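Okay, structure first, notes after.
All of the numbers you see were taken from the coordinates with simple rules; none came from a lab. What you see is a predicted model; the values in this text were computed from it and never measured. Neighbour counts run over all protein chains shown; Cβ positions are idealised from the backbone, glycine included.
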Amino acid sequence: MNKTGKAANKSLKTTSIGHQICKCDFFKPTKQYENSATKFELLKIKREKEKDELRICFRWACDKTFKESSNGEKSCVCHPGKWDHGCTGTKMTEFIGEFALDPKNVDKKTILWRPHWTCCGGEWETKGCKQIRHSGPLVEEAENYNRKYRWPDVRAKLYFSKVVSSKWKKNLEQYTYSEDKVKSICRKFFADSKVLL
């Protein structure tokens, strides 16, 4: 072996394993952290661009397209309440048919209250009762939020969580009795049936 070969062989032996690992191509080069101010600026630019893109309002009874840049405090006319599906003692198959009948021709005992918007008491097709700002996703994202069912399709119930209707509460008021009234009813019942207390 010549002198240069011995020197090269000696330098390989003296280099530490850690140094060799760090110098290999396995590890990626380190990068500086992105400036958080830069991320904020990019987000701000994105929001500014979205102000001029078309959106679709998802408030009930509106469904209009709008641009955020022209969205005012009274741009949207909608129903802010929930859709109450009404109440009847019949089965679901007859339920829709009964509501379609003229209210004058329906026995009042079968329909406790008709379907309505909780905000104004109007029917499904009634124009919105409140003016507020539009709210909804970009038009190209709207199909992810698609609401295809409309009343009288009973699947429209999917869009509204069940709540205790104010009309139901009002209906129950006639059955709310004071303690004294309950006692007098009981006395009368037992007196009529000749049962001794």
For the cross-link pairs K130/K169; K51/K157; K127/K148; K127/K157; K51/K82; K82/K170, which exceed 27 Å when the distance is taken from alpha carbon to alpha carbon? K51/K157; K51/K82
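Taking the Cβ of each residue in F160, F66 as the centre, tally the other Cβ atoms inside 10 Å and list the residues starting with the fewest.
F160, F66
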Cβ-derived FRET efficiency at R0 25 Å, K157 paired with S178, nearest 0.05: 0.10
Net charge near Y149, counting Lys/Arg +1 and Asp/Glu -1 over other residues with Cβ under 9 Å of its Cβ? +4
For the stretch 121-142 and the stretch 45-86, write down the distance between their C-alpha centroids in whole Å. 7
